[in-house]
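J.: Got a structure here, written out as structure tokens. Questions coming.
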Amino acid sequence: MKRSWSMILVVAVPYLWLAAFFLVPFLIVLKISLSQTALAQPPYLPVLDLAAGWRGLRGFVTALSLEGYALLFSDPLYLFSYLKSLAIGAGATAILLLLGFPLAYALARTPQPAQGVLLVLVVLPFWTSFLIRIYAWMNILQRDGLLNGALQALGVVDAPIPWLATDAAVMIGLVYSYLPFMVLPLYASLQKMDTALLEAAADLGAPAWKTFWLVTVPLARPGIVAGSLLCFIPIVGEFVIPDLLGGSQSLMIGQTLWIEFFGNKDWPVASALAVALLAVLLVPIVLYQRQQMRALEGGR
Amino acid sequence: MQGRLTRVNLAALAIGLAFLYLPIAILVIYSFNDSRLVGVWGGWSLRWYRDLLGNQAMLDAAWASLRVAVLSASIATVLGTLAALALVRAGRFAGRTAFVAMIYAPLVMPEVITGLSLLLLFVAINIDRGFWTVVIAHATLTLCFVTVVVQARLLDFDRSLEEAATDLGCPPWRVFMTITLPLIAPAVVAAWMLAFTLSLDDLVIASFTSGPGATTLPIRIYSEVRLGVKPEINAVCTIMIAVVASVLIVASLLSKLTVASRTQRSA
Amino acid sequence: MVRFEDVSKRFGATAAVDRLSLDIFPGEFFALLGPSGCGKTTLLRMLAGFETPDEGRILLDGSDIAAVPPHRRPVNMMFQSYALFPHLTVAGNIAFGLRQEGLPKTEIAERVGAMMALLQLGRLGERRPDQLSGGQRQRVALARSLVKRPRVLLLDEPMAALDRKLREETQFELMDLQARLGLTFVIVTHDQEEAMKVADRIGVMNHGRLVQVALPEEIYEKPNSRWVADFIGDVNLIEGRVTVADADGVVVEAAEGIRFQADATDGAKTGETVWVALRPEKIAIASITDGKRADALYGEVLEIGYRGDVSVYKVRLDNGLVMKAAAANTMRRVAQPFGCNDRVVLSWARDAVAVLTR
């Protein structure tokens, strides 16, 4: 069929929107990351003066600097921030996988009307505000909160444990918030699995644990990959959870960026941080995209 | 895959659901706590809800959030549905790979990056930050979620239905309105609701892109929560949970009712 | 009525339809028959306007329809999946096409009612497609495309989803309907029995080309190639060399030394390699009772395929050739007349032998 005008419009409108509000902003971030801080409005130099034409452009290019990036590498604080984010992202993803797999597996094996209801129950918290869910944990984890109250009442501890402002609290918050993102892709791939495969494996002499390891896990691989990436990538750049539940002595990269931007008003460094974060996450993001495309369009 | 519920599976489900729901349940219960101290139970009371009614800043923020969510979700639904159509129906076109990348990247992109880049765009083109910049930012982010939801439905769609309509004399645009749109409507509605809640939920991107006079509810709550747990916030959160829950219940009832009325009419 | 002139359609490197020409006459029930992937559905979809030919012209009533978009073509299609609109009722589905023409409401109601009566859809008007049985859905799809009174009705495997019994009933209904309405029907099918039963003429397709266009009887009894003979029905194909070819007939000698006599055949020249096609039901099978006959072949039963109404016997002749012979089970008995390893004699009439040159 020939491409009609309406089809061109269907492609062009969202394309242009995304280009304008997703792609162009990144180029701007890239540009500002190469600029220098200035006591001005906007607080960076140089500003591209398109009215000056070619001369303006050349003046602009020569004024670019790598100062922001140099700072990133010279100050161990930033490097530490990246490493910590990656470590927390990997740790949280591993815990999510360990918790999410049994849950998704049990869900997929539940007989039908109950399975639908349970699925809704797992997804439902996702619809409530994520800020609220973190706040709920603040209620529980604070010094005179319920967890300490319960522990003291049971006589496990004598004095309240400072849960809040620790990495443990951040981990709890992350696992709690991202659990549905792990469970859903896992469930989707487990649910598609034919129970006859498990029966066939048993029939061919594989014990239950071997069947699980040799049949269930390999078939759930797309779900494992999708779920892990869906959790890992945003967790590395997470801001709210470490900010509310974590301590102030060691920051994750999202917090560092936030402080550079809002606190220190150092836009070039904040931009450089963002570019560097994106560079770190580029490989997992591309992996995730390819995985999604295969899942959605491969079946055709 | 289906089967029996073994004891292990049952335990996994019970623990998982308890983990998901207990914190929310505690928050709801403590919103009715009479005591100002969060760890102490002082008996049932509605005083924090009463206080809330007098908190004009909080009410303004809620109103701003609602307007942002409705507007951005509507824009995102239109654009996202178009994008889904482009992906499924337009075949190969120049720059399709870039298009796909721009659809899927925001789904996992850390919010601080998206927020920062949009803010820098608004600064670069000299737009004052406020209500509309938040709407645009939220529409951009949520349109990708809309696209994914609608795209999944379109991929399931039986193309011969559209061919049949064409064959029966229906011009292309009317095929879309009378056949395609009604059949993908459930996905479009679900996508709108997803976009709406995502917008209502967002703190980071809104913080970057909003300006004076456009404080959304999450921004308001966040600024209070940073200073510690407060009973009023428990009450606000409980109301938000109730709103979202009732929207979900109404939506599912509506879809059940339409199904029921269809069966009834034809019986 | 419909004319295809040197029409080609390629998908990538493969030609779905390859320089095909065909005439379909008014009031005819025409069947396009072929294995899956032979291009028959593509041909139909080009006529409906869903595919555009890469080369050639398609004429409807003498005028080229290339420029007419599918929704303006006076042909209607019944889809293999039926493509009933799930959000519309039965009546809504049938009325859909008439609404596109902007007809007055009363006329639409009248024509929909008449069509529903014709197809015995009486009280189903308010049902939704998912509340219908397979047979009912099929009828709604038929009603929906017929109510537009198309110049040509296109049917894409219309009975593929029905079970055998229902399919046979529907085939007769379809023939009856076509005769009553006097419309031109073009059916696409891979089911040779169906094509032979319903169609006035059959076009056998393979690899995007028409292999043979003829009456059903001709396709069956006078296939023009080994491929057609083999595709339609059961056949014994035996390679041989022409030893005699004159006005009185042809003699073909097969490798195993059997000689087949046949009526004179076009194109069969002495010394050429040809193929003898012999339908199993035209071979008589009998037990050996009297002495040897010169024109008969003796052998041993290898296998018996019991089908109820007929039995097919695989017989190994004494010279090594294996042939199939079918016998109608005219007697009601459980014991079969011949068993495995029984000695039998096969014979056939001279005019049962078809000699194929390609």
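J.: Where the only charges are on Cβ atoms (+1 Lys, Arg; -1 Asp, Glu), what is the dipole of the stretch C:234-356 about its Cα centre, to the nearest 20 debye? Please list the in-between numbers first.
T.: On the way: 15 positive and 18 negative charges, 100 e Å.
Dipole about the Cα centre, nearest 20: 480 debye.
J.: So what's the projected area for the stretch A:123-242, the Cα convex hull averaged over all directions, in nm²? Show your work: numbers first, answer last.
T.: Numbers: hull surface 40.7 nm².
The number I arrive at for the stretch A:123-242 is 10.2 nm².
J.: Let me ask something else about it. May I ask you to compute the full-extension gain from C:Arg358 to C:Glu281, defined as 0.36 nm times their residue separation minus their alpha-carbon distance, rounded to one decimal in nm? Walk me through the intermediate numbers first.
T.: On the way: separation 77, 0.36 × 77 = 27.72 nm, distance 2.28 nm.
So the extension gain works out to 25.4 nm.
J.: Where is the GNM fluctuation largest for chain A (alpha-carbon springs, 10 angstrom cutoff): A:Thr93, A:Thr256, A:Thr211?
T.: With Cα springs under 10 Å in chain A, the top fluctuation among A:Thr93, A:Thr256, A:Thr211 is at A:Thr211.
J.: Evaluate the distance, in nm, between pseudo-label points positioned 7 Å from the Cα of B:Leu227 and of C:Ala328 along their respective Cα→Cβ axes.
T.: It is 10.2 nm.
J.: Separate question: Where does chain C land at 222 nm, in deg cm²/dmol rounded to the nearest 500, when only DSSP H runs of n ≥ 4 count, each adding -39500 (n - 2.57), divided by all residues?
T.: -7000 deg cm²/dmol
J.: Still on this model: As a quick test, which of the pairs C:Lys105/C:Lys148; A:Lys31/A:Lys265; C:Lys197/C:Lys314; C:Lys197/C:Lys222; C:Lys165/C:Lys314; C:Lys282/C:Lys324 have an alpha carbon distance above 19 angstrom in this structure? Intermediate results must be reported in sequence, preceding the final value.
T.: On the way: C:Lys105/C:Lys148 15 Å; A:Lys31/A:Lys265 17 Å; C:Lys197/C:Lys314 27 Å; C:Lys197/C:Lys222 17 Å; C:Lys165/C:Lys314 29 Å; C:Lys282/C:Lys324 10 Å.
In this structure, C:Lys197/C:Lys314; C:Lys165/C:Lys314 exceed 19 Å between Cα atoms.
J.: Still on this structure: On average over all directions, what projected area in square nanometres does the stretch B:144-218 have, based on the convex hull of its Cα atoms? Intermediate values should be presented prior to the final figure.
T.: Working: hull surface 25.9 nm².
So the mean shadow area of the Cα hull is 6.5 nm².
J.: Once chain A is represented by equal point scatterers at the alpha-carbon sites, with solvent omitted, what log10 I(q)/I(0) does the Debye formula produce at q = 0.07, 0.11, 0.15 Å⁻¹?
T.: -0.41, -0.90, -1.25
J.: In degrees from 0 to 90, rounded to the nearest 10, what is the angle of the helix B:7-30 Cα long axis to the longest principal axis of chain B?
T.: Roughly 60 degrees between the two axes.
J.: Using the Karplus equation 6.51 cos²θ - 1.76 cosθ + 1.60 (θ = phi - 60°), what ³J(HN,Hα) coupling, rounded to whole Hz, does each residue of the stretch C:229-234 give in order, writing x for Gly and Pro?
T.: After applying 6.51 cos²θ - 1.76 cosθ + 1.60, I find 4, 6, 6, 9, x, 9 Hz.
J.: If you line up the long axis of helix C:164-181 against the longest principal axis of chain C, both from Cα atoms, how many degrees apart are they, to the nearest 10?
T.: So the inclination is approximately 60 degrees.
J.: Determine ³J(HN,Hα), in whole Hz, for all residues of the stretch C:330-335 in sequence, where each value follows from phi through the Karplus function 6.51 cos²θ - 1.76 cosθ + 1.60 and θ = phi - 60°; x replaces Gly and Pro.
T.: Couplings: 7, 9, 8, 7, 8, 5 Hz.
J.: Right, next: Tell me the label-point distance for the pair C:Asp246, C:Arg307, using the 7 Å Cα-to-Cβ offset, in nm and rounded to one decimal.
T.: 4.0
J.: May I pose another question? For the stretch C:2-226, what is Rg from Cα atoms divided by 2.2 N^0.38 Å, rounded to two decimals? It would help to have the intermediate numbers written out before the result.
T.: Values: Rg = 17.5 Å, N = 225, 2.2 N^0.38 = 17.2 Å.
Ratio of Rg to 2.2 N^0.38 Å for the stretch C:2-226: 1.02.
J.: While we're here: Quick one: work out Rg over Rh on the C-alpha atoms of the stretch A:188-237, Rh as Kirkwood radius.
T.: On the way: Rg = 13.9 Å, Rh = 12.0 Å.
Rounded to two decimals, Rg/Rh equals 1.16.
J.: Consider a paramagnetic label point 7 Å from the Cα of A:Ser250 along Cα→Cβ; state which residues of the stretch A:153-180 have an amide N under 16 Å from it.
T.: A:165-172
J.: Top mean-square fluctuation among B:Leu143, B:Leu161, B:Leu181, Gaussian network model of chain B, C-alpha springs under 10 Å?
T.: With Cα springs under 10 Å in chain B, the top fluctuation among B:Leu143, B:Leu161, B:Leu181 is at B:Leu161.
J.: What residues have an amide H closer than 5 Å to that of C:Thr184, excluding those fewer than 5 places away on the same chain, when H is modeled at 1.01 Å from N in the peptide plane?
T.: Under 5 Å from the amide H of C:Thr184: C:Gly27, C:Leu153.
J.: Only Cα pairs under 8 Å and at least 6 apart count here; give the relative contact order of chain B as a rounded whole percent.
T.: Details: 257 pairs, mean separation 81.1, N = 267.
Relative contact order here is 30 percent.
J.: Is any helix in chain A, taking whole DSSP H runs, at least 30 angstrom long along its axis by alpha carbon and on average at least 0.5 on the Kyte-Doolittle scale, and which ones? Could the numbers behind the result be given before it?
T.: Values: long enough: A:76-109 (49 Å, 1.36); A:167-191 (34 Å, 1.28); A:267-297 (40 Å, 1.15).
TM-like helix candidates: A:76-109, A:167-191, A:267-297.
J.: Does anyone have the angle between helix B:56-89 and the longest principal axis of chain B? Alpha-carbon axes, 0 to 90°, nearest 10?
T.: 20
J.: If packing is taken as the average count of other Cβ atoms within 10 Å, what order do A:224-233, B:148-157 fall into, highest mean first?
T.: Numbers: A:224-233: 22.7, B:148-157: 18.6.
Peptide ranking by packing, descending: A:224-233, B:148-157.
J.: So if we plug the beta-carbon distance of C:Glu5 and B:Ile249 into 1/(1 + (r/R0)^6) with R0 = 56 Å, what FRET efficiency do we get, rounded to 0.05?
T.: So the FRET efficiency works out to roughly 0.35.
J.: Let me ask another. Looking at chain C, send over the antiparallel percent of its DSSP beta bridges, to the nearest 5.
T.: 75
J.: Right, here's the next one. Tell me, what is the FRET efficiency for C:Asp234 and A:Leu23 to the nearest 0.05, using R0 = 60 angstrom and their Cβ-Cβ distance as r? Mind showing how you got there, number by number?
T.: Numbers: r = 65 Å, r/R0 = 1.08.
The calculated FRET efficiency here is 0.40.
J.: Still on this structure: Partner chain Cβ atoms within 10 Å, averaged over the residues of C:144-150 - can you pull that number for me?
T.: On the way: counts 3, 3, 0, 1, 3, 0, 2.
Counting Cβ atoms of other protein chains within 10 Å of each residue's Cβ and averaging gives 2.
J.: If I model a spin label as a point 7 Å beyond the Cα along the Cα-Cβ vector, how far apart are those points for C:Glu168 and C:Ser21 in nm?
T.: Placing both labels 7 Å beyond Cα along the Cβ direction yields 4.1 nm.
J.: Also, quick follow-up: Which aspartates and glutamates have a Cα less than 18 Å from the Cα of A:Lys210, not counting those fewer than 8 places away in the same chain?
T.: Excluding near neighbours in sequence, the set is A:Asp194, A:Glu199.
J.: Could I ask something else about it? Between A:Ala94 and A:Leu154, how high is the FRET efficiency from 1/(1 + (r/R0)^6) when r is the Cβ-Cβ distance and R₀ = 22 Å? Nearest 0.05.
T.: Working: r = 29 Å, r/R0 = 1.33.
Efficiency at R0 = 22 Å is approximately 0.15.
J.: Pairwise over distinct Cα atoms, reciprocal of the mean inverse distance: report the Kirkwood radius of chain B in Å, one decimal place. All intermediate terms of the calculation are to be shown ahead of the outcome.
T.: Values: mean 1/r = 0.0460 Å⁻¹.
Its Kirkwood hydrodynamic radius stands at 21.8 Å.
J.: Also, quick follow-up: What would the Debye formula give as log10 I(q)/I(0) at q = 0.10, 0.17, 0.18, 0.21 Å⁻¹ for the alpha-carbon point model of the stretch C:205-308, no solvent?
T.: With no solvent term, the Cα-only Debye profile gives -0.37, -0.99, -1.07, -1.27.
J.: Restricting things to Cα coordinates, could you compute the convex hull volume per residue of the protein assembly as shown in Å³?
T.: 267
J.: If you build a Gaussian network model of chain A, linking Cα atoms that sit under 10 Å apart, which residue out of A:Gln112, A:Gln255, A:Gln142 swings the most?
T.: The residue with the greatest mean-square fluctuation here is A:Gln112.
Readers should treat all values here as calculations from the given coordinates under stated rules, not as data from a laboratory. Everything quoted here is computed from the prediction, not taken from an experiment. When we count neighbours, we look across all protein chains shown, and the Cβ atoms used for this are built from the backbone with ideal geometry, even at glycine.
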